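The next block holds one structure in the form of structure tokens; read it before the comments.
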Amino acid sequence: MGRNNRRGGGGGHHGGAWKVAYADFVTSMMALFLVLWLVGSDQEIKLAVQRYFRGEVNQQGKSGAHENSKLEPFQTRIRDKVSRNLVEQEDMKRELEKLRQQLNNSSQAGDDLIRYEFIADGVRITVIDSSSRPFFDPGTSHLTAYGEWVLKTTAWFLDRFPFQLEVEGHTQKGAEAAPDSGGGWDLSTTRAVAARDLLQSSGLEEERFWRVVGYADRIPLDGVTPEAEENRRITIVAHLKPDEAEKITQGDTP
């Protein structure tokens, strides 16, 4: 009986070894998963995990080593450059859609008199001076009522982001290049200045404008001939201010 008991006990002990091995395997897989997750996470998540294991997380009065430290929830502090850029882009897209609707601008390419193009650190807004809906009085830099309304409404959008602005004036080849107009240089420049003045009087501070320039008919739009009416336009290029761009690059919070 004693010998049978020893066999039974030994067999039971040997039969449970696979459970220990399986538990070790599951633990190893979980550790591997956590490592892979951390490697693929953005910088903010890594910092949050690091603070947790250092005992720096405060929750309803409970804390680790730094009880009196003021730690903001990491969800509200976007340090990662890519994540910050995505948030900025999504905010701008939402506001631009509101702007497009307010200006009754068509969403169909070719029919839109106001065009938006996202760039690395901002947006380019192009307003076509169409004969069907003129932005300026023909051959002058005098804004029409429509032109004033568009610029005032656009200023409302631009004021919501830390942009520095460049205003460009463009003319179409031939149509407005009268002998006394400097080949379109004077007209494109005075129109850019008129647009800048209206934007500034609508609430945008003077220091936000870093360049105002006229290009005459030298830079036609892609895909159209230099003589096309679409080339008669005002373009507003909005870039993030240098200090804001530096914050994103360095991963600082606003």
Out of Thr144, Thr153, which single residue is modelled with pLDDT of 95 or more and polar (S, T, N, Q)? Thr144
Go through the residues of segment 141-159 one by one and say whether even a single one is more than 25 Å from Asp91 (Cα to Cα) and hydrophobic (A, V, I, L, M, F, W, C). yes
Go through segment 141-154 and give me each residue that's in contact (Cβ under 8 Å) with a residue 12 or more places away in the chain and assigned to a loop (DSSP other than H, G, I, E, B). Ser141, His142
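So in segment 218-241, with the set limited to residues that are within 25 Å of Lys152 (Cα to Cα), of a type outside the set (A, V, I, L, M, F, W, C) and surrounded by fewer than 19 Cβ atoms within 10 Å (Cβ to Cβ), which one is modelled with the highest pLDDT? Can you show your working first?
Going through segment 218-241, the residues within 25 Å of Lys152 (Cα to Cα) turn out to be 221, 229-241.
Next cut, of a type outside the set (A, V, I, L, M, F, W, C) only: 229-233, 235, 239, 241.
Retained after the next criterion (residues that are surrounded by fewer than 19 Cβ atoms within 10 Å (Cβ to Cβ)): 229, 241.
Numbers: Glu229: 92, Lys241: 73.
The qualifying residue modelled with the highest pLDDT is Glu229.
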Could you check segment 216-232 and list, in sequence order, the residues that are closer than 21 Å to Arg196 by Cα and either over 27 Å from the mean Cα position of the chain (by Cα) or not in a loop (DSSP other than H, G, I, E, B) (or both)? Ala216, Asp217, Arg218, Glu230, Asn231, Arg232
Considering (1) under 28 Å from the mean Cα position of the chain (by Cα); (2) crowded, with 21+ Cβ neighbours inside 10 Å, say which one Thr153 fails and leave the rest. (2)
Verdict on Phe161 being among the aromatic types (Phe, Trp, Tyr), assigned to a helix (DSSP H, G or I), within 21 Å of the chain's Cα centre (by Cα) and modelled with pLDDT under 95: no
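The values are calculated or read from the model by the stated rules, or taken from the named source; none is laboratory data. On a predicted model such as this, the values are computed, not experimentally measured, just so you know. Here Cβ is always computed from backbone atoms with ideal geometry, including for glycine, and neighbour counts include all displayed protein chains.
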